[in-house]
Amino acid sequence: MAEHTARHCCLGWDFSTQQVKVVAVDAELNVFYEESVHFDRDLPEFRTQGGVHVHEDGLTVTSPVLMWVQALDVILEKMKASGFDFSQVLALSGAGQQHGSVYWKAGASQLLTSLTPDLLLCEQLQACFSISDSPVWMDSSTAVQCRQLEAAVGGAQALSSLTGSRAYERFTGNQIAKIYQENPGAYSSTERISLVSSFAASLFLGSYSPIDHSDGSGMNLLQIQDKVWSQACLGACAPGLEEKLGWPVPSCSVVGTVSSYFVQRYGFPAGCKVVAFTGDNPASLAGMRLEEGDIAVSLGTSDTLFLWLQEPTPALEGHIFCNPVDPEHYMALLCFKNGSLMREKIRDESASCSWSKFSEALRSTETGNDGNLGFYFDVMEITPEITGRHRFNAENHEVSAFPWDVEIRALIEGQFMAKKIHAEALGYRVMPKTKILATGGASHNRDILQVLADVFGAPVYVIDTANSACVGSAYRAFHGLAAGTDMPFSEVVRLAPNPRLAATPTQGASQVYEALLQRYAVLEQRVLTRARRPPE
Ligand SMILES: Nc1ncnc2c1ncn2[C@@H]1O[C@H](COP(=O)(O)OP(=O)(O)O)[C@@H](O)[C@H]1O
Ligand SMILES: O=C(CO)[C@@H](O)[C@H](O)COP(=O)(O)O
């Protein structure tokens, strides 16, 4: 058993799509411990693929809520077995995949406050949920509810101006509306609705944690400027919703201390603070210490791109969230559903399931792929709403297949060109001092990062761990320790290790992509128009 020497620290958790992860960060802001539990691999009894169940309609996507509870048990037991010294944990915070929702059954609060340290959490919380399969961000089954919500508040732009986004199918308000409409019994027996983030915080607190402003911005329910629930949106989604959601709080709030369960079973100090959990993308913004002008690209299960914003400019594409570390500011986010799982599919089909062969294809093909480009959306994309695979040769003729290595480059170049085009549509421009900060599982792959640098024409940096959501959560926990002193987050993380340079643009690449980006945008419109045309 590896013994860990006593070291004051904060823990940062991430309840993401495919796994639960944790890091411990010491007072010098060094990560000295990392652990994870992978749902498909470590909890096979739940039979998830990529952490989720895709239902028969192909639109509904859920995860078993008890799988998340059990994953927390497993990871805590692993930490204990490795000799992790919980008595040194001063504070903790965490992140969750965004938009997913958890439905606590009437009476669950009572159970949560009276947990016995002799049993695992999953043994005690079995009967706590009115919905056992939680809708997650990959769900796209709420088109009807989205149209109803937009109609109720005066249209898509009106909803976006109010909540930061037009109605999106994965956004929690629309998910709740669907549950209310299709399963009113379960809705009425629900005493509390949490996001994945506030659900995880509730487990640590032994009582319901409030939803924080930043993750709360991904619900189509929060007025992002006033930071209160919109009565019009609540009313359009379901009755009695405000009471079930509780009051939203600033993201840097200390929401309590860990419950006696964690003190007695694992040896946490009784005063260990819990800082409000937030969304995984907001937590990554904190972990990468994003500054204005920088651009963050997260290559996790989803691909996301996000920016720090002073002023919100809600539009019909993209999302504006409250900023997780500065209550006066905002962040902009674009989400792409066909991220790592799409790359894995092409890796399996074209590179014999090997990332090193996948990388070899990126190294052996030309920047710009000799004019070949492609769109790879096996599931309905969010930005833009396209599905299917569409390949075009240098003459803009649609072709049915590419050689294996051209296919791989077309996928990666296409994914990054889409990000650049849609970020520019939000008003973002690459400046001479722009840094791209990359994170998420695929940021381990230097050849993928090289294409990112080339397409954006900017250097790409990484932090020491690809788990920036965990690191950001631990930093936010340190910020929570300074609560009441008005110390800005930037001051708390001033001495954190700087991001490392991982890739710089290849000479001549920007000229190649200048032309290719224009073609990509035109072809994207062509595919989109074709997809929207009613069948003849
Ligand atoms: N060397 C690699 N090259 C490309 N992708 C990788 C590599 N290693 C891991 N990944 C991708 O990372 C993904 C997981 O990323 P991660 O950020 O941990 O996801 P999440 O936080 O959503 O659970 C995997 O699905 C895998 O496709
Ligand atoms: O829907 C979004 C953001 O709007 C996703 O980014 C989820 O937050 C899932 O995150 P990962 O598990 O892919 O990191």
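The values are calculated or read from the model by the stated rules, or taken from the named source; none is laboratory data. Source: prediction; values computed, not measured. Glycine gets a Cβ as well: all are built from the backbone with ideal geometry, and neighbour counts include every protein chain shown.
Some points to look at:
- Odd one out for ALA521 among (1) touching a residue at least 24 places away in the same chain (Cβ under 8 Å); (2) closer than 23 Å to CYS272 by Cα; (3) among the small types (Gly, Ala, Ser): (2)
- Test: residue in the range 102-115 that is within 16 Å of ligand 1 (Cβ to nearest atom), outside any loop (DSSP other than H, G, I, E, B) and within 27 Å of GLY256 (Cα to Cα): no
- Those residues of the range 279-331 which are under 16 Å from THR383 (Cβ atoms), of a type in the set (Asp, Glu) and near ligand 2 (Cβ under 9 Å from one of its atoms), in sequence order: ASP303
- Scope the range 88-117; condition loosely packed, with under 14 Cβ neighbours inside 10 Å and either free of Cβ contacts under 8 Å to residues at least 24 places away in the same chain or within 22 Å of LEU285 (Cα to Cα) (or both); matching residues: GLN110, SER114
- One residue from ILE386, ILE382, ILE436, ILE421 being among the hydrophobic types (A, V, I, L, M, F, W, C) and within 16 Å of ligand 1 (Cβ to nearest atom): ILE382
- Hits in the range 491-514 - residues which are closer than 20 Å to LEU362 by Cβ and exposed (fewer than 12 other Cβ atoms within 10 Å of the Cβ): GLN507, GLY508
- For the range 346-382, the tally of residues that are buried (at least 19 other Cβ atoms within 10 Å of the Cβ), away from ligand 2 (no atom under 16 Å from the Cβ), of a type outside the set (Ser, Thr, Tyr) and in a loop (DSSP other than H, G, I, E, B) stands at 3.
This table checks each residue for (1) touching a Phe, Trp or Tyr at 6+ places or on another chain (Cβ under 9 Å); (2) assigned to a helix (DSSP H, G or I); (3) not aliphatic (A, V, I, L, M).
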residue: SER202; (1), (2), (3): yes, yes, yes
residue: ALA236; (1), (2), (3): no, yes, no
residue: PHE268; (1), (2), (3): yes, no, yes
residue: GLY271; (1), (2), (3): no, no, yes
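- Residue list for the range 204-217, filter: assigned to a helix (DSSP H, G or I) and among the aromatic types (Phe, Trp, Tyr): PHE204
- Of all the residues in the range 442-456, those that are within 15 Å of ligand 2 (Cβ to nearest atom) and either crowded, with 19+ Cβ neighbours inside 10 Å or outside the structural domain of LEU516 (by TED's automatic domain parsing) (or both) number 2.
- Taking the range 18-40 as the range and being under 16 Å from GLN70 (Cβ atoms) and within 16 Å of ligand 2 (Cβ to nearest atom) as the test, the residues that pass are GLN18, GLN19, VAL20, LYS21, VAL22, SER36, VAL37, HIS38, PHE39, ASP40.
- Number of the exception - LEU285 against (1) within 16 Å of ligand 1 (Cβ to nearest atom); (2) over 22 Å from VAL136 (Cα atoms): (2)
- For VAL255, the requirement of being more than 19 Å from the chain's Cα centre (by Cα), part of a helix (DSSP H, G or I), away from ligand 2 (no atom under 16 Å from the Cβ) and among the β-branched types (Val, Ile, Thr) is not met.
- Residues satisfying the stated conditions in the range 404-433, i.e. within 23 Å of the chain's Cα centre (by Cα), away from ligand 2 (no atom under 16 Å from the Cβ) and not acidic (Asp, Glu): LEU411, ILE412, GLY414, PHE416, MET417, LYS420, ILE421, ALA425, GLY427, TYR428
- Residue check, THR529 closer than 27 Å to MET380 by Cα, at pLDDT below 95, surrounded by fewer than 13 Cβ atoms within 10 Å (Cβ to Cβ) and among the β-branched types (Val, Ile, Thr): yes
- Positions within the range 1-21 being among the β-branched types (Val, Ile, Thr) and at pLDDT 75 or above, in sequence order: THR17, VAL20
- For GLU524: the one exception among (1) surrounded by 15 or more Cβ atoms within 10 Å (Cβ to Cβ); (2) not assigned by TED's automatic domain parsing to the domain that holds THR304: (2)
- Of all residues in the range 296-321 being more than 16 Å from ligand 1 (Cβ to nearest atom) and buried (at least 24 other Cβ atoms within 10 Å of the Cβ), the one that is farthest from MET79 (Cα to Cα): GLY318
- Residues that are in contact with a helix residue (DSSP H, G or I) (Cβ under 7 Å, 6 or more places away or on another chain) and not in a helix (DSSP H, G or I) were ranked within the range 273-294; the one that is modelled with the lowest pLDDT is MET288.
- In summary, helices (runs of 4 or more DSSP H) completely within the range 401-486 and bearing 3 or more residues that are more than 18 Å from PRO282 (Cβ to Cβ) occur at 404-425, 446-456.
- Scanning the range 270-291 for residues that are among the β-branched types (Val, Ile, Thr) and under 11 Å from the mean Cα position of the chain (by Cα) yields a total of 1.
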